[in-house]
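Note sheet for the following structure.
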Amino acid sequence: MPNEWKVLTRVIERGSEFEFTDETYEQYITAVSAAYADATASRDGTPTADDEYHSFLVEDVLADGRVLAVLEDVEAPPSKISAINDGTIDLDASVDQWHEIRFTFDELLDLLMLLKLVRDYSELSSSKKIESRFKLQKLVYLVNHNLVNQENYSLANSRFGLLSKTGYRYRYANRESGPYSEDVYEDKNRLFAWELIDEPVVGSDGTGEVAERNHQYAIELSAQGEIMVERFYDQIESTDSFIISAWNQAQTEEIQKVAQMTHSELTEYVNQIDDVRTTTKGGELLIGPENKFQETEIEYLEDLRGEFENARA
């Protein structure tokens, strides 16, 4: 089954056609979440055939009055609204474009480290999975926050310290739900679309996170994801690269801290961080490094590219 969020967020791109701010884009995601939850509840699930699923997304979700109200508020092009109303909007083209993105080695390492994070957390957690999208967002933020505050390594004229060389590339802003990164959300969706992770519904109450307001979704490795992580796991653990070693160590430390925390405990833990307390809502919290590696630095990166290409096929 396609990932609903990949489809629904790619159909409504933040770009030239839409004047979304962070606030209105979150309103769109909230409206889509509510419409999708209500539609699946009334149908007792989602259609399994691709053509039926396409119609379901257009007729039952995108054409929902709550979704259209948000699009009208941001003055979406009338042609786009009409295409939704008459069922001719092209979902497949949006998804195909999303799949065709070419990844740099730095981006591939982020995806691999996300998979490793899911595995390592699952081994320590009593639930054997990351309990919510909320917790995934906060975990990744905490890894980069850990690296920012490393005292044993720093770069001249860099306020981000070790983060300027390692850690996830993701940009984090402060939302009502706390630290949130659209980049994490996108990469999580890619891993789901490539069937490397699963996202079972584990609760009828949302967490307040974007795309998790009406239901709680856990995150766990699929069988294919387990195989991919296993192939590269020891190479990460025994790496000669200081950059990857520091990143992996920071990730391990944060997983150990929060694996047994409840939702409320994690919320309190994150909210006491100085940057989170003092940054205004919508303000920037962290910017990850854009580039970390040369292609020749990590010997298994070409193999990693091949693995992800196979997963996307």
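The values are calculated or read from the model by the stated rules, or taken from the named source; none is laboratory data. None of the values given here were measured: they were computed from a predicted structure. No Cβ is skipped: glycine too gets one built from the backbone with ideal geometry, and neighbour counts run over all protein chains shown. Accessible surface is based on the protein model in full, side chains and every heavy atom, while ligands, DNA and RNA are left aside. Shrake-Rupley method; radii C 1.70, N 1.55, O 1.52, S 1.80 Å.
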query: If you go through the stretch 245-258 one residue at a time, do you hit one that is of a type in the set (D, E, K, R) and under 17 Å from the mean Cα position of the chain (by Cα)?
result: no
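So if I check each of 292, 257, which one is touching a residue at least 60 places away in the same chain (Cβ under 8 Å), among the basic types (Lys, Arg) and out of contact with any helix residue (DSSP H, G or I) (no Cβ under 7 Å at 6 or more places or on another chain)?
The unique qualifying residue is 257.
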- line: Those helices (runs of 4 or more DSSP H) completely within the stretch 237-313 that have 1 or more residues that are touching a Pro at 6+ places or on another chain (Cβ under 7 Å) and surrounded by 12 or more Cβ atoms within 10 Å (Cβ to Cβ) are 263-271, 274-278
- prompt: Going by the conditions given, is residue 225 open to solvent by less than 40 Å² (accessible area, probe 1.4 Å) and either at pLDDT below 85 or part of a loop (DSSP other than H, G, I, E, B) (or both)?
  reply: no
- request: Could you please tell me which pairs satisfy a Cβ distance under 7 Å, a separation of 6+ or placement on different chains, a first residue in the stretch 222-236 that is closer than 22 Å to residue 199 by Cα and small (Gly, Ala, Ser), and a second residue that is open to solvent by less than 80 Å² (accessible area, probe 1.4 Å) and outside any helix (DSSP H, G or I)?
  value: 222/196; 222/197; 222/198; 225/196; 225/197
field: Enumeration of residues in the stretch 194-222 that are open to solvent by less than 80 Å² (accessible area, probe 1.4 Å) and either under 28 Å from residue 165 (Cα atoms) or of a type in the set (A, V, I, L, M, F, W, C) (or both)
entry: 194, 196, 197, 202, 210, 211, 218, 219, 221
message: Against the condition within 20 Å of the chain's Cα centre (by Cα) and in a loop (DSSP other than H, G, I, E, B), how does residue 214 come out, does it pass?
response: yes
message: Can you report the number of residues in the stretch 59-91 which are of a type in the set (Gly, Ala, Ser), under 27 Å from the mean Cα position of the chain (by Cα) and farther than 13 Å from residue 28 by Cβ?
response: 2
- prompt: With respect to the numbered conditions (1) open to solvent by 10 Å² or more (accessible area, probe 1.4 Å); (2) touching a Lys or Arg at 6+ places or on another chain (Cβ under 6 Å); (3) modelled with pLDDT under 75, which one is the sole condition not fulfilled by residue 90?
  reply: (2)
- request: Check the stretch 100-116 and report whether any residue there is modelled with pLDDT of 80 or more and touching a strand residue (DSSP E or B) at 6+ places or on another chain (Cβ under 8 Å).
  value: yes
